[in-house]
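So the structure is just underneath, and the comments pick up after that.
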């Protein structure tokens, strides 16, 4: 019986020793910790969004008259200069109509010259007929000639005056015809200009909707040209994080086609209305240097530096803990865990600006391998 008691006591001692060793060597090490240090410096608060490459000014090249396309001098992915000929249409019979209008002008000018010469030749005849009439009038009054002779002279003068009036009317008509024909020529020339389409800007062709020999309707889009100066990324950002986003803030853009390249830009515009369904706000970000080539509608990720804090105490994001419904950090105080509540000033992508701790403080980091820290927990390194 005594032997069994001794064995039982020995067993308890061994179990106690094993438990003590387990506690010291196994359990307590699981409450050991990694450490990070708080620092002092500047912090950039970043807002992230996803959007697509677009442009404020995209010009649709259309024809006012429509017709059959004879030639297209550009294509998608090409640069064009302002004033460069882009599209030529079949003018059908317009050149012949123009020539006929020009002939009408020349004909009216000829008629004007003829009428002017005619009236010039009639004026001396009128003078002579007027002198004869005056002389015969005196003779008729003195009864030296018959009424028949006087009537003939009077008739000759009236005929000449009628001829002069007719010539003057021809001159007026010819001048009017010249004006009409000239306007017709100008109208045809202006219409002929519509058969050629030119680039309105120095731009980049992003779409071609027609081919040579194709007939198009008036106002049908043939080409689309983007103004490269207005290319931007239409970014959509959640309303909850977009409040501090403002024009001119620095931004960084990652295109889907170049995921490892970060392009610098800035906020150009914040749209005044949010989307009622997605509760997102459109923010348009322009490139500092436009990537060539660029692709309209390409997906892009945008990072915006919405706020900038100078000379603040910063801790790594993973250092922030929650204890008793408070935010703060764990520190080593005499080999005991001590929780320090903090005031969050701002959150960056990897760091947090805080108040309530000095820079250079050593902060304990909890990991899933550790036992959860509690106030007063013994710490071992």
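The values are calculated or read from the model by the stated rules, or taken from the named source; none is laboratory data. Just so you know, these numbers come straight off a predicted model, no measurement behind them. Heads up, the Cβs are rebuilt from the backbone with ideal geometry, glycines too, and the neighbour counts pull from every protein chain shown.
A few notes on this one:
One line per residue, one yes/no per condition, for (1) in contact (Cβ under 8 Å) with a residue 60 or more places away in the chain; (2) in contact with a helix residue (DSSP H, G or I) (Cβ under 6 Å, 6 or more places away or on another chain); (3) in the same structural domain as residue 212 (by TED's automatic domain parsing); (4) not in a loop (DSSP other than H, G, I, E, B):
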| residue | (1), (2), (3), (4) |
| --- | --- |
| 51 | yes, no, no, yes |
| 64 | yes, no, yes, no |
| 70 | yes, no, yes, yes |
| 76 | yes, no, yes, no |
| 83 | yes, no, yes, no |
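- Taken residue by residue, the stretch 318-340 has at least one member that is surrounded by 12 or more Cβ atoms within 10 Å (Cβ to Cβ) and within 42 Å of the chain's Cα centre (by Cα).
- Unique residue being more than 30 Å from residue 98 (Cα to Cα), surrounded by fewer than 17 Cβ atoms within 10 Å (Cβ to Cβ) and not assigned by TED's automatic domain parsing to the domain that holds residue 110 when the list is 202, 151: 202
- Per this entry, residue 336 is not counted among residues that are free of Cβ contacts under 8 Å to residues at least 60 places away in the same chain and under 14 Å from residue 39 (Cα atoms).
- Annotation note: Cβ proximity below 7 Å between a residue of the stretch 210-226 that is on the phi > 0 side of the Ramachandran plot and at pLDDT below 95 and a residue that is surrounded by 12 or more Cβ atoms within 10 Å (Cβ to Cβ) and assigned to a loop (DSSP other than H, G, I, E, B) (sequence gap 6+ or interchain) occurs for no pair.
- One residue stands out among those in the stretch 276-303 that are under 19 Å from residue 261 (Cβ atoms) and in contact with a helix residue (DSSP H, G or I) (Cβ under 9 Å, 6 or more places away or on another chain): the one that is surrounded by the fewest Cβ atoms within 10 Å (Cβ to Cβ), which is 292.
- Checklist (1) touching a residue at least 12 places away in the same chain (Cβ under 8 Å); (2) surrounded by 12 or more Cβ atoms within 10 Å (Cβ to Cβ) applied to residue 92, failing item: (2)
- Of residues in the stretch 350-366 being out of contact with any helix residue (DSSP H, G or I) (no Cβ under 8 Å at 6 or more places or on another chain) and exposed (fewer than 12 other Cβ atoms within 10 Å of the Cβ), the one farthest from residue 37 (Cα to Cα): 355
- Some residue of the stretch 218-241 being surrounded by 16 or more Cβ atoms within 10 Å (Cβ to Cβ), more than 24 Å from residue 298 (Cβ to Cβ) and outside the structural domain of residue 282 (by TED's automatic domain parsing): no
- For the residues 97, 119, 103, the requirement of being assigned to a helix (DSSP H, G or I) and at pLDDT 90 or above singles out 103.
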